[in-house]
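So the structure is just underneath, and the comments pick up after that.
The values are calculated or read from the model by the stated rules, or taken from the named source; none is laboratory data. No experiment lies behind these values; they were computed from the predicted model shown. All Cβ positions, even for glycine, are placed from backbone atoms using ideal geometry, and neighbour counts span all protein chains on display.
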């Protein structure tokens, strides 16, 4: 099964880093977050990787010319500087072929069990399975009594009720039928239509997941990596 990683966004909310490089090339430890993603999927036996690039694509190209990853076949395709998420997938229709494939964003890490995710997808027989996660709360959460006393304090706990799209998709080739052009946002019209026909499923992941949208989140990922506590490290 091929793994498609979307690597083309501008990463404007991480401008401190992305002014000089695409977000998937921002480093966690000494390696780009993209490297961590590829290593994670490879742990589950996946070897064929397709990188859909856009913004500052030359930096990704240069990196993989100089740095190969053992047992991984990495192919890079420029999918347009301003192409949106659905459009990038559509541009790679011929490359992805007729088999189911995995897709994810190039700026988030998780310890989701990929084998269980694929098994769930095959069992449900939908067109797309997404990984649903409970996002970390960005700030500490406190509970205050009527007398204005804090009776509970949690430093950045995980949300307990809301689920969000965490990426880590499994898709069938039929997804291409729901994408019009470069301007299609995968998470809007295609997913809305799939929801209506009951072909979009959610695999609930209760453990670690973290995006890297801000400098604060980048520092957090670096902290747990440097402490040797990175939940995504399987190799």
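Results, tabulated for the structure shown:
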item: Pick from segment 190-215, criterion in a helix (DSSP H, G or I) and without any contact (Cβ under 8 Å) to a residue 12 or more places away in the chain, ranking: farthest from residue 163 (Cα to Cα); result: 196
item: Single unsatisfied condition, residue 12 versus (1) within 26 Å of residue 215 (Cβ to Cβ); (2) modelled with pLDDT of 95 or more; result: (2)
item: Helices (runs of 4 or more DSSP H) wholly inside segment 15-116 that include at least 3 residues being modelled with pLDDT of 95 or more, over 29 Å from residue 132 (Cβ atoms) and more than 19 Å from the chain's Cα centre (by Cα); result: 57-66
item: Residues (touching a helix residue (DSSP H, G or I) at 6+ places or on another chain (Cβ under 9 Å), farther than 18 Å from residue 105 by Cβ and part of a helix (DSSP H, G or I)) located in segment 216-235; result: 225
item: So residue 61, is it over 28 Å from residue 220 (Cα atoms) and touching a strand residue (DSSP E or B) at 6+ places or on another chain (Cβ under 8 Å); result: no
